[in-house]
Amino acid sequence: MNDETIVSLYWARDESAIAETSSKYGGLCNHIANYILSNYQDREECINDTYLAVWNAIPDKHPNRFSVFLSRIVRNLALKKYEYISAAKRNPSVVTSLEELGD
């Protein structure tokens, strides 16, 4: 299925647009998310969030190149997830015991 048809399915609010996007660009989305996120569950969550973001964004925007539009969304969501995971206050590699601080 070509990109114009997929975008028109999104415009018509047809849920098969998500399945067609996954079928055609699932590998691309997985590759981008895999490059940024190491955890399988985080990648899957990012890809699912991408489909939701595309579903919500398409009525307002008509992308010239759907693959670039989709890639940008998955990359930005993966980077946000990576930032969240690796934040200093949640990163166990920077945890210092209270005994070490007391010395």
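The values are calculated or read from the model by the stated rules, or taken from the named source; none is laboratory data. Computed from a prediction, not measured in an experiment: that's the story for all the values here. Neighbour counts are summed over all protein chains in view; Cβ atoms, including those assigned to glycine, are modelled from backbone coordinates with ideal geometry.
Numbers at a glance
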read-out	value
Of all residues in the range 56-72 being in contact with a Phe, Trp or Tyr (Cβ under 9 Å, 6 or more places away or on another chain) and at pLDDT 95 or above, the one that is surrounded by the most Cβ atoms within 10 Å (Cβ to Cβ)	Leu70
Residue selected from the range 34-55 under the condition surrounded by 13 or more Cβ atoms within 10 Å (Cβ to Cβ) and among the aromatic types (Phe, Trp, Tyr), by the criterion nearest to Val7 (Cα to Cα)	Trp55
